[in-house]
Amino acid sequence: MKTRLRGLLTLAVDVGVSVGLYYALRAARAEEPTALLVSSLVPGLSVLSDLLRRRRPDRLGLYMTVMMLAGALVSLLVHDVRFLLAKDGWFTAVAGLWFLVSARGDRPLAFVFSRFLLEGVIGPKMSWEVLWERLPGFRRAWRVVTVIYGTGLLVDAAVRVAIAYTLPVDAVPGLMAAQYAIWLALMQVVINIYLVPSGVYSRWSKLYAGLTPPATSTPAPPP
């Protein structure tokens with residue numbers, strides 16, 4: 001759980017600093033493209049620093065690194081203000097499609113990322129690889145969550161692109177930051193509405209009954 005909280009805190013700091021820097025630069029009379037470029041580099045620098053410190057990043061860290069650095073690269077190469085505002089939406093759409101495609105793969109992305117955060121915290125105290133191999137219900141649950149998450153990312157992407165191209169430029173960064181918080185909260189609610197009844201969270205649920213071999217009856221002693 002400490003890793004999960006640290007990741008959420010880092011995301012909150014990156015988003016908050018990036019938005020705050022944008023409005024500080026605009027208050028200092030910086031042009032919109034310059035303010036967007038400089039502020040968009042903040043998350044990329046944070047992720048790159050974490051990558052260099054760990055040297056061998058996990059899959060979640062690698063995913064975040066690629067997304068953040070790609071966003072920073074686009075900001076350096078593209079100078080269209082509206083496109084820069086919408087780039088998070090386009091990257092989010094790519095991530096959503098990736099989630100949906102992975103739902104039918106060997107290990108769906110929701111399983112991969114959630115394992116990094118939750119293995120040993122929820123369900124039986126055993127490797128999720130064992131649970132994945134032995135329990136069809138466990139596999140089905142994470143495939144469904146992957147579809148939910150991928151769909152949510154596509155909806156989020158559509159809203160971001162619409163905001164970027166229709167609202168006043170200076171209003172967009174603040175609204176985008178608020179959308180991060182709202183989207184994360186909504187996704188947690190939706191996913192938990194599905195996962196709690198599924199039994200994934202409870203180590204004593206029927207989902208894990210297959211892990212316990214059936215009891216064998218002791219033969220009666222001969223007369």
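In region 36-51, the qualifying residues are those that are among the hydrophobic types (A, V, I, L, M, F, W, C) and at pLDDT 65 or above, and the one that is nearest to residue 168 (Cα to Cα) is 36.
For region 108-130, name all the residues that are in a helix (DSSP H, G or I) and basic (Lys, Arg). Let's see the steps before the verdict.
Our first condition is that a residue be in a helix (DSSP H, G or I); within region 108-130, this holds for 109-118, 128-130.
Hit for region 108-130 is 115, nothing else.
So, of the residues in region 21-35 that are charged (D, E, K, R) and part of a helix (DSSP H, G or I), which turns out to be modelled with the lowest pLDDT? Going through the qualifying residues, I end up with 32.
Mind checking whether some residue in region 150-157 is open to solvent by 50 Å² or more (accessible area, probe 1.4 Å) and over 17 Å from the mean Cα position of the chain (by Cα)? No - not one qualifying residue is present in region 150-157.
Scanning region 102-139 for residues that are surrounded by fewer than 16 Cβ atoms within 10 Å (Cβ to Cβ) and over 21 Å from the mean Cα position of the chain (by Cα) yields a count of 7.
Of all the numbered requirements in (1) modelled with pLDDT of 90 or more; (2) open to solvent by 30 Å² or more (accessible area, probe 1.4 Å), residue 99 misses one, and that requirement is (2).
The values are calculated or read from the model by the stated rules, or taken from the named source; none is laboratory data. Values in this document were obtained by computation on a predicted structure and should not be read as measured data. Using ideal geometry, Cβ is built from the backbone for each residue, glycine included, and neighbour counts are taken over all protein chains shown. Side chains included, ligands, DNA and RNA excluded: accessible areas come from the protein's heavy atoms. Shrake-Rupley method; radii C 1.70, N 1.55, O 1.52, S 1.80 Å.
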